[in-house]
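Scroll down for the structure; my scribbles are underneath it.
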Amino acid sequence: MSDIKTALKIYRKLLEKGQLDRETEGDLFLEFRNVEVRAILAEFEEELDFKTIEVAGSLYLLPNSGNGVLGFTTKDIREGVATDAKLVDAYLLSYISMFILYLFYGGRNRNPKQREFLRISKLIEELDRRFSMALADSEQAKVLEEKYALNFTRIAELWESKQDFEERGRKTKTGTILNTCRLLERENLLRLVDDDRELRPTRKLDDLMLNYYLDDSRVEEIKEFFEGAVLDA
């Protein structure tokens, strides 16, 4: 097989599954180490705006920020809610996604992973508490809004407007969280288990968060974002 065909095969596997594992695709995984194949993939990365990283026996395809072809766009997130969803709906799902990652990987020691699972009911409790605090302290909310260019007050109001009982429609808190989780599940980052009552991170998410995304500066930025005065932990 020529180097270009090998590179295309690796790219196709990554595109289809988001990852390529040495355990199941040993020969193709080793071809990634081939200098010529890697050079061709580097050209793909530059042209198509993504990265290929190797972590713990797996290759992962990571779209760069703003990649509207391979990555999530605001439009994708809105459509994950409903065809007539508003921009604030997408912002709420984005915030919930970030908060889920914080609850799993916001630890203060050398291993930032804090838990192996998260109950949906617990997530709702935490979001209720934080959004209530945001609405109760409008001045501090404005400070964070200016710093992060994100309308916390409007997002909190949308959350508070949702029904509180355990149904799964779009206008309920449970349904909103499940919509968020399914977007992440689609990318093989989370698993919903126990009849959609519990979240568990996948090995892919562990690999990416613990070995790529969470350098010291990112950990501090995440802590500052979620442990500020308005959304104090």
The correct count of residues that are in a strand (DSSP E or B) and under 16 Å from LYS17 (Cα atoms) in the range 181-198 is 2
Filtered residues of the range 3-28 (kept if in a helix (DSSP H, G or I), surrounded by 18 or more Cβ atoms within 10 Å (Cβ to Cβ) and within 25 Å of the chain's Cα centre (by Cα)): ILE10, TYR11, LYS13, LEU14
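No lab work stands behind these numbers, since they all come straight from the coordinates. These numbers were taken from a predicted model, which means no experiment stands behind them. Heads up, the Cβs are rebuilt from the backbone with ideal geometry, glycines too, and the neighbour counts pull from every protein chain shown.
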